[in-house]
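Trainee: Take a look at this one; I'll ask things after.
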Amino acid sequence: MSLAGRLSRLVPDLSETLARFPIPALISVLVFIYAQLDIADIVSDGGQPGNHVYLGGAAAFLAAGAAHYFAHGRNLAKLAEVALAVLAAIVVAGLAYWDTGLRTSHLFLFAALVPLLMISGFLRPDAKQGAIWLFNLRLGLAILLAIVVGLIFAGGVSAILESLKFLFEVSIPWRSHEHVWSTAAALIAPIYGLSLAPTNLDEEVTLAHTRDTLLERGVSVLVNYVMVPIAVIYTVILHAYAVKILLNGALPEGQIGVMVTVFALGGTATWLIAWPWRETGTWLLRFFMRYWFWFTIVPVILLAIAIWERISTYGVTPDRYGIVIVAVWLALVTLYLAIRRNQADMRVLLGSFALLVLVGSTGPWGANSVSVASQFERLIGYLQADKLLTPEGKVVDQPPRLSDVNRSEIDSLIWALNNMGGLDKLAPLFAGHKDDPFATGADKWDVFSKIRTAFGLDIYTPPPEQVTFASNTPITEDFVSQGRLIGPIMTIPGNGTVAAANPQATIDGDNLIIKIGDRRWLIPVKSFLEKVKAVPTASQQQPLAYDIDTELKLIITETSGTLGDKPTLYRAVFWIILRQ
């Protein structure tokens, strides 16, 4: 008996799954093997974080699946189908893995692959809307069941391992659970999901044949009495909000983008799910199906105004780029429906969104590239304003002290560039710098840290009125005459410290009071703090010698206080040299 026959008898769905989706199945097996070796610390990712392999594998899995469905829909030869799936998997995996160099946004990439998978089998002239709907219902159920099976497998095996450990005191390494859960995520759930993936691309949904079935009753109640009413109520709220904004003449801070994006994507998802009931549903559902996209016009206008204001003030970020895509997509869909007289094709709705997001996922026009350029331009403005750049556009050797506001802005912009993989934009600024972060071939985090150091962002600069001093090296003091060394003495307001020979030091209002026997010294707090403040900051800080008069000298080791309208000394630690 052939190997395929034996597999078919052992696991009936497996042989058919491997025959229909060989490339996604192979990707699943390879990611599973890599995960086991990764957990065992046998393989490394060549300097890349390990999740790049998993992200690349997941993206390749979806792309290969979409390619297989495209080939099925077009009735391509098996060899052409496999070649197309391999090509799609390699290209998309490369985009996900080399995200830094290609400026790829994983969020945008996966947001494009999902709708492409939903319509890839129907990119042909004779595709029926009812078939698209039924296919995606079955696809969604397959994904849901695959997740449930993966969770049950991983949870069950982990429970068995813990039971063996508890009941029989079996030594089970914690990594065993990682192996189990990675197996469920990389192998069990994907292969099981492929086995359940729908096969028929021509069968259409017919409510007459499914009436009174669990499917018809369950989905009908969901769309007629839950999803559509919520979408309609949300539409009314947004339009009322638009009236409020018009009356007040001001946009709220950072709210419109999220609200309209949820409204657009959630409403479109509701429209797609409710499609079979467009003629037989409740009057509210039929009204919604007919006019939904026309009700997006006002929110899109609000969204365009709000996002333009945010971008003009704070620049482009991947989030704002995504909101712009949603606004453009809604505008195109509304125009499309005006031409088609509200007879929407699901492939156009999903495909146009997928195409826009895919274009925005990578390349010089992508979300990350545009955002990096925008935030870099803002950073240059702050660096020039705070004189951190020379007239030739190079980073100064000694950064000046930054204001708190600009320090925070510059730091946040560098963090943003680091998160988007855009630190390389700063390389020309450091050319010829004595501490060029890019000249040593350091890793990403080391480069980021050195950039912050070069701009003085990792050095705490206290407020001008704050005084802090702490010594960390010894000091040598010559005695030219007979004297005594007393200390160390620590004092805080209202608390004197008594040591040998009964010296006493007290902070009393505006003065530091020192008593030794019958003698008494009043040292103004302001003068004391000004003396300490005048000491240059150094990495090797010696104690400060402070001559009070011919008889008394202080060797100050620690001080904290504030200058200002009312100078205040919080703490002082010092030695006393009492000359005879």
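Trainee: Residue by residue through segment 539-558, note down the ones that are over 24 Å from Arg519 (Cα atoms) and among the polar types (S, T, N, Q).
Mentor: Selection gives Ser539, Gln540, Gln541, Gln542.
Trainee: Also, quick follow-up: Could you give every pair whose Cβ atoms fall below 6 Å, whose first residue belongs to segment 56-79 and is touching a residue at least 12 places away in the same chain (Cβ under 8 Å), and whose second residue is not basic (Lys, Arg) and not in a helix (DSSP H, G or I), counting only separations of at least 6 or pairs across chains?
Mentor: His68/Phe21; Gly73/Leu201
Trainee: Mind checking which residues of segment 518-561 are more than 14 Å from Ala505 (Cα to Cα) and of a type in the set (Lys, Arg)?
Mentor: Within segment 518-561, Lys526, Lys531, Lys533 meet the criteria.
Trainee: Which numbered condition trips up Gly561, out of (1) surrounded by 20 or more Cβ atoms within 10 Å (Cβ to Cβ); (2) out of contact with any Phe, Trp or Tyr (no Cβ under 6 Å at 6 or more places or on another chain)?
Mentor: Of everything listed in (1) surrounded by 20 or more Cβ atoms within 10 Å (Cβ to Cβ); (2) out of contact with any Phe, Trp or Tyr (no Cβ under 6 Å at 6 or more places or on another chain), Gly561 misses just condition (2).
Trainee: Only residues that are more than 36 Å from the chain's Cα centre (by Cα) and within 19 Å of Leu116 (Cβ to Cβ): list them for segment 66-79, please. Walk me through it before giving the result.
Mentor: In the first step, residues of segment 66-79 are kept if they are more than 36 Å from the chain's Cα centre (by Cα); the result is 72-79.
Selection gives His72, Gly73, Arg74, Leu76.
Trainee: Among the residues of segment 554-562, are any over 28 Å from Gly483 (Cα atoms) and in contact with a helix residue (DSSP H, G or I) (Cβ under 7 Å, 6 or more places away or on another chain)?
Mentor: Yes, that holds for at least one residue.
Trainee: Could you please let me know if Ala545 is in a strand (DSSP E or B) and surrounded by fewer than 17 Cβ atoms within 10 Å (Cβ to Cβ)? Reasoning before the result, please.
Mentor: Values: in a strand (DSSP E or B): yes; surrounded by fewer than 17 Cβ atoms within 10 Å (Cβ to Cβ): yes.
The answer is yes for Ala545.
Trainee: Which residue, of Ala89, Ala59, Ala63, Ala83, is modelled with pLDDT of 95 or more and either among the basic types (Lys, Arg) or farther than 24 Å from Thr183 by Cβ (or both)?
Mentor: Details: Ala89 fails: either among the basic types (Lys, Arg) or farther than 24 Å from Thr183 by Cβ (or both); Ala59 fails: either among the basic types (Lys, Arg) or farther than 24 Å from Thr183 by Cβ (or both); Ala63 fails: either among the basic types (Lys, Arg) or farther than 24 Å from Thr183 by Cβ (or both).
The match here is Ala83.
Trainee: Just to be sure I understand the filter: pairs with C-beta atoms under 7 Å, separated by 6 or more residues or on different chains, first member in segment 90-119 and under 14 Å from Ala60 (Cβ atoms), second member among the acidic types (Asp, Glu). Which pairs pass?
Mentor: His106/Asp99
Trainee: In this structure, does Leu134 turn out to be of a type in the set (A, V, I, L, M, F, W, C), within 21 Å of Ser352 (Cβ to Cβ), in a helix (DSSP H, G or I) and outside the structural domain of Leu265 (by TED's automatic domain parsing)?
Mentor: On the way: of a type in the set (A, V, I, L, M, F, W, C): yes; within 21 Å of Ser352 (Cβ to Cβ): no; in a helix (DSSP H, G or I): yes; outside the structural domain of Leu265 (by TED's automatic domain parsing): yes.
No.
Trainee: Quickly run through segment 333-392 and pick out the residues that are acidic (Asp, Glu) and closer than 30 Å to Phe110 by Cα. Reasoning before the result, please.
Mentor: Keep residues of segment 333-392 that are acidic (Asp, Glu), which gives 345, 377, 386, 392.
Asp345, Glu377 - these are the residues of segment 333-392 that are acidic (Asp, Glu) and closer than 30 Å to Phe110 by Cα.
Trainee: Checking the conditions here, which among Pro190, Pro198 is modelled with pLDDT of 90 or more, under 19 Å from Leu14 (Cα atoms) and outside any helix (DSSP H, G or I)? First the steps, then the outcome.
Mentor: Numbers: Pro190 fails: outside any helix (DSSP H, G or I).
Checking each option against the conditions leaves just Pro198.
Trainee: Shifting gears a bit: Just to verify a result, which residue in segment 364-409, among those that are polar (S, T, N, Q) and modelled with pLDDT under 85, is farthest from Thr313 (Cα to Cα)? Let's see the steps before the verdict.
Mentor: As a first pass, look at segment 364-409 and keep what is polar (S, T, N, Q): 368-369, 371, 374-375, 384, 390, 398, 403, 406, 408.
Narrowing the set further to residues that are modelled with pLDDT under 85 leaves 398, 403, 406, 408.
On the way: Gln398: 30, Ser403: 20, Asn406: 15, Ser408: 16 Å.
By that ranking, first place goes to Gln398.
Trainee: From Ser481, Ser449, Ser412, Ser471, grab the single residue that is surrounded by fewer than 18 Cβ atoms within 10 Å (Cβ to Cβ) and at pLDDT 85 or above. Spell out how you get there, then give the answer.
Mentor: Details: Ser481 fails: at pLDDT 85 or above; Ser449 fails: at pLDDT 85 or above; Ser471 fails: surrounded by fewer than 18 Cβ atoms within 10 Å (Cβ to Cβ).
Selected residue: Ser412, the only one of Ser481, Ser449, Ser412, Ser471 that is surrounded by fewer than 18 Cβ atoms within 10 Å (Cβ to Cβ) and at pLDDT 85 or above.
Trainee: Does segment 319-332 contain any residue that is touching a Phe, Trp or Tyr at 6+ places or on another chain (Cβ under 6 Å) and surrounded by 18 or more Cβ atoms within 10 Å (Cβ to Cβ)?
Mentor: We begin by selecting, within segment 319-332, every residue touching a Phe, Trp or Tyr at 6+ places or on another chain (Cβ under 6 Å); these are 329.
Imposing the further condition that a residue be surrounded by 18 or more Cβ atoms within 10 Å (Cβ to Cβ) reduces the set to 329.
Within segment 319-332 (the criterion being touching a Phe, Trp or Tyr at 6+ places or on another chain (Cβ under 6 Å) and surrounded by 18 or more Cβ atoms within 10 Å (Cβ to Cβ)), the answer is yes, since at least one residue qualifies.
Trainee: Related question: Scan segment 301-315 for residues that are out of contact with any Gly (no Cβ under 8 Å at 6 or more places or on another chain) and surrounded by fewer than 21 Cβ atoms within 10 Å (Cβ to Cβ) and jot them down. Explain how you work it out, then say what you get.
Mentor: Of all residues in segment 301-315, those out of contact with any Gly (no Cβ under 8 Å at 6 or more places or on another chain) come to 301-302, 304-305, 308-309, 311-315.
The answer is Ile301, Ala304, Ile305, Trp308, Glu309, Ile311, Ser312, Thr313, Tyr314, Gly315.
Trainee: Also, I was wondering about something else. Before we move on, is Ser374 under 17 Å from the mean Cα position of the chain (by Cα) and part of a helix (DSSP H, G or I)? Give the steps one after another, and end with the answer.
Mentor: Numbers: under 17 Å from the mean Cα position of the chain (by Cα): no; part of a helix (DSSP H, G or I): yes.
Criteria not met by Ser374.
Trainee: Shifting gears a bit: Would you mind finding the one in Thr100, Thr104 that is within 27 Å of the chain's Cα centre (by Cα), of a type in the set (S, T, N, Q), farther than 24 Å from Asn200 by Cβ and part of a helix (DSSP H, G or I)?
Mentor: On the way: Thr104 fails: part of a helix (DSSP H, G or I).
Exactly one residue qualifies, and that residue is Thr100.
Trainee: Suppose the filter is without any contact (Cβ under 8 Å) to a residue 24 or more places away in the chain, farther than 25 Å from Leu116 by Cβ and under 19 Å from the mean Cα position of the chain (by Cα); does Ser412 pass it? Working first, answer last.
Mentor: Details: without any contact (Cβ under 8 Å) to a residue 24 or more places away in the chain: yes; farther than 25 Å from Leu116 by Cβ: yes; under 19 Å from the mean Cα position of the chain (by Cα): yes.
Taking the combined requirement at face value, the residue satisfies it.
Trainee: With Glu178, Glu162 as the choices, which residue is surrounded by fewer than 18 Cβ atoms within 10 Å (Cβ to Cβ), free of Cβ contacts under 8 Å to residues at least 60 places away in the same chain, among the charged types (D, E, K, R) and more than 30 Å from Asp345 (Cα to Cα)?
Mentor: Going through Glu178, Glu162 in turn, just one is surrounded by fewer than 18 Cβ atoms within 10 Å (Cβ to Cβ), free of Cβ contacts under 8 Å to residues at least 60 places away in the same chain, among the charged types (D, E, K, R) and more than 30 Å from Asp345 (Cα to Cα): Glu162.
Trainee: Going by the structure shown, is Thr280 surrounded by 13 or more Cβ atoms within 10 Å (Cβ to Cβ) and outside any helix (DSSP H, G or I)? Outline the logic, then answer.
Mentor: On the way: surrounded by 13 or more Cβ atoms within 10 Å (Cβ to Cβ): yes; outside any helix (DSSP H, G or I): yes.
Considered against the rule, which asks whether it is surrounded by 13 or more Cβ atoms within 10 Å (Cβ to Cβ) and outside any helix (DSSP H, G or I), Thr280 comes out as yes.
Trainee: Got at least one residue in segment 502-513 being in contact with an Asp or Glu (Cβ under 9 Å, 6 or more places away or on another chain), in the same structural domain as Phe574 (by TED's automatic domain parsing) and β-branched (Val, Ile, Thr)?
Mentor: First, pick out the residues of segment 502-513 that are in contact with an Asp or Glu (Cβ under 9 Å, 6 or more places away or on another chain): none.
So far as segment 502-513 goes, no, none of its residues is in contact with an Asp or Glu (Cβ under 9 Å, 6 or more places away or on another chain), in the same structural domain as Phe574 (by TED's automatic domain parsing) and β-branched (Val, Ile, Thr).
Trainee: For residues in segment 346-363 being part of a loop (DSSP other than H, G, I, E, B) and at pLDDT 90 or above, which is surrounded by the fewest Cβ atoms within 10 Å (Cβ to Cβ)?
Mentor: Per the stated criteria, the residue is Thr362.
The values are calculated or read from the model by the stated rules, or taken from the named source; none is laboratory data. What you see is a predicted model; the values in this text were computed from it and never measured. Cβ coordinates were reconstructed from backbone atoms using ideal geometry, including for glycine residues, and neighbour counts include every protein chain displayed.
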